[in-house]
């Protein structure tokens, strides 16, 4: 869906992204996490074709953001971290304008506005002014504006910031329902505890690089800790060859995710033993997502690899 | 309807605001109609109010049509829309200034009525076209300035708006001072202007000059909007404008040389 290749972005006197490469899966929710100033927002803005990278490329559905930014805009919705609304307009007018601005025909705009409002649970507030909505409802309206044209990709920058626990839970449900409707979502967030509720994959951005060089599967896969009694330098390459995704790896231990269930784990263990790896530990990693995050953020940043 | 124009009309031309403007104008014109002769005329008040609505306030509205989007963090959403640069430019230029034009157009009949009575229909219509073009020109210069200024990303929206407003007002005053000098020339018996060795009627020359510069200002707005909306602009239009400005200015110099 989204292919990022060797992306470099510079602000005057500061390189924000260092040769980032990444593939964002279709029909999944990918969480983008990392400390403040790590480059998450810049990465999202490059994906949204709002910024022109210094080098490298971003392609969405095969379209390059530099060559066809307007065609890409038609395929995606974007919610910035600090978004604005036309406070004096009613919810209906905000959505009607968003529909028309995204090229929906005048006779279909009212229907599209109502459908978007229904998706985010604002159908009963159509006549209320945007400025009179609570923080959580404003967030919903902003998301409705971003999805009114039914984009294939939705980029959300810190959508949960400033929301109360109930609003956050509602947001998680909303994101899951959008994914189930076939949309691919990239969500930047600081709130790691909630990521596992709705994210399929996690990408850790640190110092303008993808920590570990790839995204980490959070759903439909197991996170395994493998330990060796005798270190083997080729452990990481071997595990990659077996289809495992590396979270962290050294010569004597690795944290990986593998898709599938018990039989896939058994097959991986058998392969390790068959190739004379002295496996002393092979167990599901019980560490919380935060531990994985902090382990990656503290580790030397990697770059380059594709997920 | 152009969605950007529609949205601006919703925001800027509310029935309450329009009623307020109409009420204010009614009050002023009633006062001038009963004022003692020599104090104020409806036409004079109308002209002053036209300048206020179309130029002084209009340039601010035009500049804010972009600067306020950035201030309110809605500009990214607009850049992601499928509204083309042409639609976006017209939508902002005439939508953000809708209330200004409502007030300005109400003033116009009172300004033109004396000219119609004293100099005939053609003179009144010419004057009307000049006033309308002058208003659009000032607003287009303000909009163009704002589109250029936002690239600097100063974060000081008040200063940015003020500078764009000043640019628009300065453009309008520069032209109007030329236009109002026609009467002085006429009194001294000069009713033509020499340009590239040919004599042109002063009034028509000024009108055509204004319309051409208005055209360039609108073209500049369109191209600046294209750049904002991630369309690539070639250098040829800018070069063509420079060539035009050089040829236009040199036309007066060549006449001086001839004489």
How much mean residue ellipticity at 222 nm does chain A get from its helices, if each DSSP H run of length 4 or more adds -39500 (n - 2.57) and you divide by all residues, to the nearest 500 deg cm²/dmol? -10500 deg cm²/dmol
What shape does chain B take by its C-alpha gyration tensor, where a ≥ b ≥ c are the square roots of the eigenvalues and a/c under 1.5 counts as rounded, a/b above b/c as prolate, and the rest as oblate? oblate
Need one word for the protein assembly as shown: rounded, prolate or oblate. Basis is the Cα gyration tensor (sqrt eigenvalues a ≥ b ≥ c); a/c below 1.5 gives rounded, then a/b vs b/c decides. prolate
Near-label residues of the stretch B:108-125 by backbone N, under 17 Å of a point 7 Å along Cα→Cβ of residue B:24: B:108
Springs between alpha-carbon atoms under 10 Å, Gaussian network over chain A: tell me which of A:74, A:266, A:130 tops the mean-square fluctuations. A:266
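Hey, could you grab the Kirkwood Rh for chain A? Inverse mean 1/r over distinct alpha carbon pairs, Å, one decimal.
For chain A, the Kirkwood estimate is 20.6 Å.
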Residue with peak Gaussian network fluctuation, chain A [Cα springs, cutoff 10 Å], from A:48, A:283, A:222: A:283
Over the whole of A:141-149, what's the average partner chain Cβ count within 10 Å per residue? Rounded to a whole number, please. 1
Relative to the compact-globule estimate 2.2 N^0.38 Å (N residues), the Cα gyration radius of the stretch A:184-271 stands at a ratio of 1.17
Please give the contour-minus-distance gain from residue A:64 to residue A:5: 0.36 nm per residue of separation, less the Cα-Cα distance, rounded to one decimal in nm. 20.2 nm
Just tell me how shielded A:61-69 is by partners: mean number of partner chain Cβ atoms within 10 Å of each residue's Cβ, no decimals. 1
Where both partners of a DSSP beta bridge lie in the protein assembly as shown, what percent of those bridges are antiparallel, to the nearest 5? 70 percent
What share of the DSSP beta bridges in chain A is antiparallel, in percent to the nearest 5? 65 percent
Based on the mean of other Cβ atoms within 10 Å per residue, sort peptides B:137-147, B:107-117, B:8-18 so the most packed one is first. B:137-147, B:107-117, B:8-18
First measure r as the distance between the Cβ atoms of residue B:48 and residue A:82, then evaluate 1/(1 + (r/R0)^6) with R0 = 41 Å and state the FRET efficiency to the nearest 0.05. 0.50
Exercise: per-residue mean of other protein chain Cβ atoms within 10 Å, B:67-80: 5
What are the radius of gyration and Dmax of the stretch B:85-205, computed over its Cα atoms and given in Å? 17.7, 53
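Bear in mind these aren't lab numbers, they're just calculated from the coordinates by the rules spelled out. None of these values were measured; they are calculated from a predicted model. Every residue, glycine as well, gets a Cβ built from its backbone with ideal geometry; the counts of neighbours run over all protein chains shown.
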